[in-house]
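Note sheet for the following structure.
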Amino acid sequence: MLFLNNRKLYDDFSELEKQTNRSVEQINKIKEKLMNVIERNAELEIENQHLRDRLEELEQQKQSTGNGLSKSRKNLEKLYEEGFHVCNVDNMYGTRRLNDEPCVFCQNIIYGERHA
């Protein structure tokens, strides 16, 4: 009888060892997946910070250029504000705007759609 009890004890211990080894394998797989997630998270945090920095840089550039006009358009805007045409409709460029009347052609040249 003692032999059977020892055999059962040994078999139970062997089964527990197998279960423990399977659990360790699962833990290692989960640990590996967790490490991949942590690495990916760190990469995304770095990329996110770079994007925030770039966005802030673009916002500062936008604020420093006022209304976002290029230097040449700012020069045209200045001429227009001084009362001169900057459009070339009917050879009006450089002529004085009567009573500083608005000119949609000039405004389109200064503020119209800009292509990068």
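Please treat every number below as a calculation from the coordinates, not as lab data. The model shown is predicted, which means the values in this text are computed figures rather than measured ones. Because the Cβ atoms are built from the backbone with ideal geometry, glycine has one as well, and the counts that use them run over all protein chains shown.
Some points to look at:
- Here the extension length gained between residue 89 and residue 52 equals 8.9 nm, from 0.36 nm per residue of separation less the Cα-Cα distance.
- Cross-link partners of residue 29 among lysines, defined as those whose alpha carbon lies under 26 angstrom from its own and excluding same-chain residues fewer than eight positions apart: 18.
- For residue 5 and residue 30, the FRET efficiency from 1/(1 + (r/R0)^6), where r spans their Cβ atoms and R0 equals 35 Å, is about 0.40.
- In the chain, helices alone account for a calculated mean residue ellipticity at 222 nm of -25500 deg cm²/dmol, with every DSSP H run of four or more residues adding -39,500 (n - 2.57).
- Sparsely packed loop sites in segment 17-116 (the GluC sites (Glu not before Pro) outside DSSP H, G, I, E and B with at most 15 other Cβ atoms within 10 Å) comprise 82, 113.
- In segment 82-116, the trypsin sites (Lys or Arg not before Pro) that fall in loop regions by DSSP, at most 15 other Cβ within 10 Å: 114
- Segment 67-116, dipole about Cα centre (Lys/Arg Cβ +1, Asp/Glu Cβ -1), debye to the nearest 20: 260
- For the chain, size of Cβ-based charge dipole, Lys and Arg +1, Asp and Glu -1, in debye: 180
- The amide H of residue 84, built 1.01 Å from its N in the peptide plane, has 97 as neighbours under 5 Å, considering only residues 5 or more places off or on other chains.
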